[in-house]
Amino acid sequence: MFGLPKAPHGDYHLSGFTVGTRIATDQGWRPVEALAAGDRVLTFDHGAQTIAAMTRGKHLAASDSLPAFAAPVDVPAGAIGNDEPMVLMPEQPVLVESDAAEAMRGDPFALLPAKALVGFRGIERFRALRPVEVITLHCENDELVFVDGGALMLAPSTAPGIAPIDQLDSGGRPAPYVTLRGREAEALVAALAKDDSRRPKATAFAAA
């Protein structure tokens, strides 16, 4: 259905799942590299959905010339509902659920790029020792998939480089899921951190 375009920023794949990331499917949890077009993944809004295509590439995370914007994000276990440590690409949209999001936007659910969460719950940037293989799942429509136990992340309907995943779907229509960016994302993360300071075991993130 989709070709294999170059990454939007040359050799830097800024979204997608790193090898070893577990995805919830109708056959149980499976590592993303074991999936293929035609497999069915479990989604937050629409149950089991078929993978229409997959794009793969190596993110040159170990390069000495790696720009700051491309550095992967290290996520400790439990930080976003994940039951194991994770490595995320900086632009990978992550779903959060919180009272702060509802107060700010009238919706308890919000999507944030992984990079916006740096500094929250021990999440930080890092430089990998070797290239990171990145795999992006594409369903017929944008979908939120369950990842590594309880995290929820966006699997876009369009392949990287075809259209901004947070603005348009494959038909040129407004995307059903919009990723917060800039000051709005910063304000929400600050509110999440404030909630955490009040509640040591805050349930700021959706869980499976």
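The values are calculated or read from the model by the stated rules, or taken from the named source; none is laboratory data. Fair warning: this is a prediction, and the values are worked out from it, not measured in the lab. Glycine also receives a Cβ, built like all others from the backbone with ideal geometry; neighbour counts cover every protein chain displayed. Surface areas here come from the heavy atoms of the whole protein model, side chains and all, with no ligands, DNA or RNA. Shrake-Rupley method; radii C 1.70, N 1.55, O 1.52, S 1.80 Å.
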Given (1) surrounded by 14 or more Cβ atoms within 10 Å (Cβ to Cβ); (2) touching a residue at least 60 places away in the same chain (Cβ under 8 Å), number of the condition Ala103 does not satisfy: (1)
Filtering segment 106-131 down to residues that are touching a residue at least 60 places away in the same chain (Cβ under 8 Å) and open to solvent by less than 20 Å² (accessible area, probe 1.4 Å) yields Ala110, Leu111, Leu112, Pro113, Leu117, Phe120, Ala128
For segment 41-57, which positions are closer than 20 Å to Tyr177 by Cα, assigned to a strand (DSSP E or B) and open to solvent by 50 Å² or more (accessible area, probe 1.4 Å)? Leu42, Gln49, Thr50
Within segment 92-120, of all residues that are in contact with a Phe, Trp or Tyr (Cβ under 9 Å, 6 or more places away or on another chain) and of a type in the set (D, E, K, R), the one modelled with the highest pLDDT is Lys115
